[in-house]
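Notes follow once the structure below has been shown.
Values in this text are rule-based calculations from the coordinates and carry no lab data. Keep in mind that this is a model prediction, so the values were computed, not measured. Don't worry about glycine lacking a Cβ; one is built from the backbone with ideal geometry, like all the others, and counts go over all protein chains shown.
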Amino acid sequence: MPTIPYIHFDGHCAEALTHYADVFGGTDLQMMRYSDAPDMPEAMKDPNRIIHGQVTLGGGVLMASDYPPGMAGEKQAAVSIMQSVGSVAAGQAIFDRLADGGQVVQAFGPSFFSPGFGMVTDRFGTHWMLSVMPEPAAPA
């Protein structure tokens, strides 16, 4: 069974998942609002908050929701989403889009383990680690 990251927002889930689908070329974007959930108490029927959303990014799925109406919560402060990218150019482009309105933690560039790696917290508070997989070593 796969491990699937599930992150939380305070009213920005729809905007964030739509942005991630656009940035990463994500597919199968799905969202259900609290107001559309069956048997939801009237006080919880917020048409602006997402009770569950998900998007396919590459070979994985990212799931998310907004905190319930009236409930405060912390953003994903101690979690990073690791995303492999196909090339340095693609990694830099994705990194730059995530950094727009966010905060660079480690600039995107070469490292001892990757030709392109960087860490950024986007404008929604999600921490991302982007890495280009190194070329396989030539057989000896």
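Specify the residue with the greatest mean-square fluctuation among 26, 102, 59, computed from a Gaussian network of the chain linking alpha-carbon atoms under 10 Å apart.
Highest fluctuation of the listed residues: 59.
Rounded to the nearest 0.05, what FRET efficiency do residue 67 and residue 3 have when you use their Cβ-Cβ distance and R0 = 30 Å?
According to the calculation, E is roughly 0.85.
What is the mean projected area of the alpha carbon convex hull for the stretch 75-140, to one decimal in square nanometres?
Averaged projected hull area, Cα only: 4.8 nm².
If each residue of separation counts as 0.36 nm, what is the full-extension length gain between residue 82 and residue 27 once their alpha-carbon separation is subtracted?
18.0 nm
Looking only at the stretch 99-137, which residues have a backbone nitrogen under 12 Å from a spot 7 Å from the Cα of residue 10 in the C-beta direction?
125
Over the chain, what is the relative contact order in percent, taking alpha-carbon pairs closer than 8 angstrom and at least six residues apart?
21
Can you give me the Rg/Rh ratio for the stretch 1-87, using Cα atoms for both radii and the Kirkwood formula for Rh?
Expressed as Rg/Rh, it is 1.00.
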